[in-house]
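The values are calculated or read from the model by the stated rules, or taken from the named source; none is laboratory data. This one's a predicted model, so the numbers in the text were calculated from it and none came from an experiment. We place every Cβ from the backbone using ideal geometry, glycine too, and count neighbours over all the protein chains shown. Note: areas computed on protein heavy atoms with side chains; ligands, DNA, RNA excluded. Shrake-Rupley method; radii C 1.70, N 1.55, O 1.52, S 1.80 Å.
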Amino acid sequence: MRLTIVGSGDAFGSGGRFNTCFWLETAKATLLVDCGASSPVALKARNLDFDRVDAVVLSHLHGDHFGALPFLLLDAQLLTRRQRPLTIAGPPGSRARIAAALDVFFPRATTNAWRFPFEIVEIQPGRKAQIVGHAVETTEVVHQSGAPSTALRISDGERLFAYSGDTEWTEALVSVAADADLFIVECYGYTGSVPGHLTWEILKARLGDLRARQIVVTHMNATMLGHRDEVAAAGLVVAEDGAVIEF
């Protein structure tokens, strides 16, 4: 697998970083894992063509994780004139929320005669799904988003990519990270506790329980970004916009 970190930022662009968006290339397909609102700009800045994406997999339904979809869909419809099918997979409630976002930003867009076929698949947490040849398993985590927020495990049969999504510490993260070739974990804050998010103080104490081959820390606020040297010193990778990781 080859991962390009399109965006590693929080909802507020701390440190000038783009919203969460991961471009994941495997032997079978190209996946976009989350696509926050700033992702169209970030993708084009890195010459990553959305037309190459076979599926979008969403961890949860906050704007900094799925808000680009109305723009990407209409770009595909009107500018690149996409022909290939597209799958969008997300937690329960994804169909209604994506339709609502389309209608808010581009009224009547939901009535388009789409020139390319796309389907929205809702994945029930705890159940495995097949998305463009990949086994995708989601686990509900602790983050209020108006629908289940989930962590993800994506396998092409040879490599395993795991991602915490946004969440407080939950024991579910131990099984999400287990045996992953790469595990991306959010770490929004530095000390104390933040509702719906991890802090370095909490994450650092549990690193020994996360049995992934490589761990990348992402989604940091301004304070946490000021302490990212501590993350590197602990043997973890600090996510940076534009970084490429092969595993």
Does SER8 satisfy the condition of being out of contact with any Pro (no Cβ under 9 Å at 6 or more places or on another chain) and open to solvent by less than 10 Å² (accessible area, probe 1.4 Å)? yes
Unmet requirement for GLY13, which otherwise passes all of (1) within 16 Å of VAL136 (Cβ to Cβ); (2) surrounded by fewer than 22 Cβ atoms within 10 Å (Cβ to Cβ): (1)
Matching residues, segment 221-240, being touching a helix residue (DSSP H, G or I) at 6+ places or on another chain (Cβ under 7 Å) and within 21 Å of HIS65 (Cβ to Cβ): ASN221, ALA222, MET224, LEU225, VAL238
Exactly one condition in (1) touching a Pro at 6+ places or on another chain (Cβ under 9 Å); (2) over 18 Å from LEU24 (Cβ atoms) is not met by THR191; state its number. (1)
Among GLY189, GLY157, which is more than 14 Å from the chain's Cα centre (by Cα) and open to solvent by less than 10 Å² (accessible area, probe 1.4 Å)? GLY189
Starting from segment 13-28, keep only residues that are part of a loop (DSSP other than H, G, I, E, B), then list their pairs with residues that are open to solvent by 50 Å² or more (accessible area, probe 1.4 Å) and of a type in the set (S, T, N, Q) whose Cβ atoms are within a distance under 8 Å, requiring at least 6 positions of separation or different chains. none
Take segment 83-98 and flag every residue that is open to solvent by 40 Å² or more (accessible area, probe 1.4 Å), within 26 Å of LEU152 (Cβ to Cβ) and not charged (D, E, K, R). PRO85, ALA96
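Kindly state which helices (runs of 4 or more DSSP H) lie completely within segment 192-247 and contain at least 1 residues that are closer than 18 Å to ALA162 by Cβ and among the β-branched types (Val, Ile, Thr). Show your work before the answer.
Details: elements: 200-206, 222-225, 228-233.
Correct list: 228-233.
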Is it the case that segment 221-236 has a residue that's closer than 27 Å to GLY63 by Cβ, touching an Asp or Glu at 6+ places or on another chain (Cβ under 6 Å) and modelled with pLDDT of 95 or more? yes
For the subset of segment 132-154 comprising residues that are closer than 14 Å to GLY93 by Cβ and assigned to a strand (DSSP E or B), which member is most open to solvent (accessible area, probe 1.4 Å)? GLU140
Filter segment 40-64 for residues that are under 26 Å from VAL142 (Cα atoms) and out of contact with any Phe, Trp or Tyr (no Cβ under 7 Å at 6 or more places or on another chain); which is most open to solvent (accessible area, probe 1.4 Å)? HIS62
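Which of the following residues is under 18 Å from GLU230 (Cα atoms) and among the hydroxyl-bearing types (Ser, Thr, Tyr): THR199, THR170?
Numbers: THR170 fails: under 18 Å from GLU230 (Cα atoms).
Residue meeting the stated conditions: THR199.
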Helices (runs of 4 or more DSSP H) contained entirely in segment 41-131, each with at least 3 residues that are closer than 30 Å to ALA172 by Cα and under 17 Å from the mean Cα position of the chain (by Cα): 63-66, 94-105
Is it fair to say GLY67 is under 28 Å from THR199 (Cα atoms), open to solvent by 20 Å² or more (accessible area, probe 1.4 Å) and at pLDDT 95 or above? no
